[in-house]
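The values are calculated or read from the model by the stated rules, or taken from the named source; none is laboratory data. Owing to the predicted nature of the structure, the values given are computational and were not obtained by experimental measurement. Positions of Cβ are generated from backbone atoms using ideal geometry, with glycine treated the same way; all protein chains shown enter the neighbour counts.
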Amino acid sequence: MPHSAITGVIGFTALIVIFVILSSSTMVLGYEYTEKIVKKELEAIGSSIASQIVEAVSLAYDLLPGESILIMIKMPKECSLGHYTVTLNNSTLDNGKIILILKPVTYPRPEVVVPVPLSTNLFKVLPSSIYSGSNRNYINITATDSEFQIKLIYMRGS
């Protein structure tokens, strides 16, 4: 028995709907998987930068008040989602502990928080950010009479 035109249209529309549903669910699963990978990448990068800050601090103990040091940060240019930012700040939730916040530039997630193991009694953080697209990102540590000030410096250009 021949099929009518309406039956063909309904069948074709049903196939399109099924294709769209499968495509969107596959895309969501793919993004969740990518987000997990990027989160691990950013955690590793943040841990590396935190250890570079601690190493820079060990070099700064001999500074006299008013003196400062500038140490270049080694970090990858991109993560799986492209360029990212690194922000040095104090935690608002964890008694003001020193933290790094890493997040991709073009995506809202994931945002990764990595602790920097330094005492807030001796080190004052000047909130600052650096950008992975630059070849010249630095840690600046300045000695004052009673503490050390730490900030990240991003210099434009490559």
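Data for the structure
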read-out	value
Every residue from the range 112-133 that is in a loop (DSSP other than H, G, I, E, B) and surrounded by fewer than 18 Cβ atoms within 10 Å (Cβ to Cβ)	117, 118, 119, 120, 121, 122, 126, 127, 133
Odd one out for residue 142, checked against (1) touching a residue at least 12 places away in the same chain (Cβ under 8 Å); (2) in a loop (DSSP other than H, G, I, E, B)	(2)
Single condition residue 67 does not satisfy, out of (1) more than 29 Å from residue 32 (Cβ to Cβ); (2) in contact with a Ser or Thr (Cβ under 8 Å, 6 or more places away or on another chain); (3) acidic (Asp, Glu); (4) at pLDDT below 95	(4)
Selected residue (only one of 154, 107 is touching a strand residue (DSSP E or B) at 6+ places or on another chain (Cβ under 6 Å) and either modelled with pLDDT of 90 or more or surrounded by fewer than 19 Cβ atoms within 10 Å (Cβ to Cβ) (or both))	154
Residue 96 being closer than 18 Å to residue 148 by Cα, surrounded by 12 or more Cβ atoms within 10 Å (Cβ to Cβ) and among the small types (Gly, Ala, Ser)	yes
Residue selected from the range 28-76 under the condition assigned to a helix (DSSP H, G or I) and of a type in the set (Phe, Trp, Tyr), by the criterion surrounded by the most Cβ atoms within 10 Å (Cβ to Cβ)	31
